[in-house]
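Heads up: the structure comes next, in structure tokens.
The values are calculated or read from the model by the stated rules, or taken from the named source; none is laboratory data. From a predicted model like this one, the values you see are computed outputs, not experimental measurements. Heads up, the Cβs are rebuilt from the backbone with ideal geometry, glycines too, and the neighbour counts pull from every protein chain shown. What goes into the accessible areas is simple: the full protein's heavy atoms, side chains included, and nothing from ligands, DNA or RNA. Shrake-Rupley method; radii C 1.70, N 1.55, O 1.52, S 1.80 Å.
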Amino acid sequence: FINSIPNHVLSHKDFNQLEEEYGEHLHRVVVEITESEQANEETTSRKQEMIMRWNSQLALDDFGSGYSSEIALLILSPDFIKIDMTIIKGIDRDLNRQKLLLNLLSYAKDRSIKIIAEGVETKAEMEKLMEFGVDYMQGYYIGKPNIIPQQISPSIVKEISQAHL
């Protein structure tokens, strides 16, 4: 997953150099676009063309943090939706957050879009997200960010396994 800088796109020179050096791996890239990027449709369109050319994938990042999330879904047709932690925080106790997530999951599942919950900070949040069928989770409870990706701790793996039974 590579974060995209809003309203910026690679120059033709950089684009060609990237393809020369990493062309065989570009199909493994997921470009993250934030909701705010749709303000510049030309740049977003160029990024979508690049993603198609590389046979890469697109993630809509920070879903729920802006004012036009649903429009971004329609315009971008992402492969992944990364739900912002403002929706995830306290989801185990908040019926409004739960309803919002369930509606989004229904929409996403019908379109084969994978859901990633950002900012999972408690066991209760993780368990509720698993109960609802969220595809992926990230957050301090599961593992802290590191330059070199770390294995999930055995205790968390055990919790996930037990919750899945």
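Per-structure values
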read-out: Debye intensity ratio in log₁₀ form over the Cα atoms of segment 31-117, taken at each q of 0.10 Å⁻¹; value: -0.25
read-out: Calculated diffusion of segment 98-148, Stokes-Einstein form, Kirkwood radius summed over Cα pairs, 20 °C and 1.002 mPa s, µm²/s; value: 185 µm²/s
read-out: By accessible area with a 1.4 Å probe, ligands and nucleic acids excluded, highest first: order of I91, I5; value: I5, I91
read-out: Accessible surface, 1.4 Å probe, highest first, among residues M126, M137, M85; value: M85, M137, M126
read-out: Spin-label pair I71/K109, simplified geometry with 7 Å Cα→Cβ offset, distance in nm; value: 2.9 nm
read-out: Calculated FRET value between N146 and E19, using beta carbons and R₀ = 30 Å, to 0.05; value: 0.55
read-out: Pairs of Cα atoms farther than 14 Å apart, segment 126-165, %; value: 49 percent
read-out: Stokes-Einstein diffusion coefficient of the chain, Kirkwood radius over Cα pairs, 25 °C, 0.890 mPa s, in µm²/s; value: 143 µm²/s
read-out: Area of I87 that stays accessible when all protein chains are in place (1.4 Å probe, Å², to 10); value: 20 Å²
read-out: Accessible surface of the chain, 1.4 Å probe, proportion on carbon and sulfur as whole %; value: 52 percent
read-out: Surface accessible to a 1.4 Å probe, per residue, for the residues of segment 14-165, Å²; value: 61 Å²
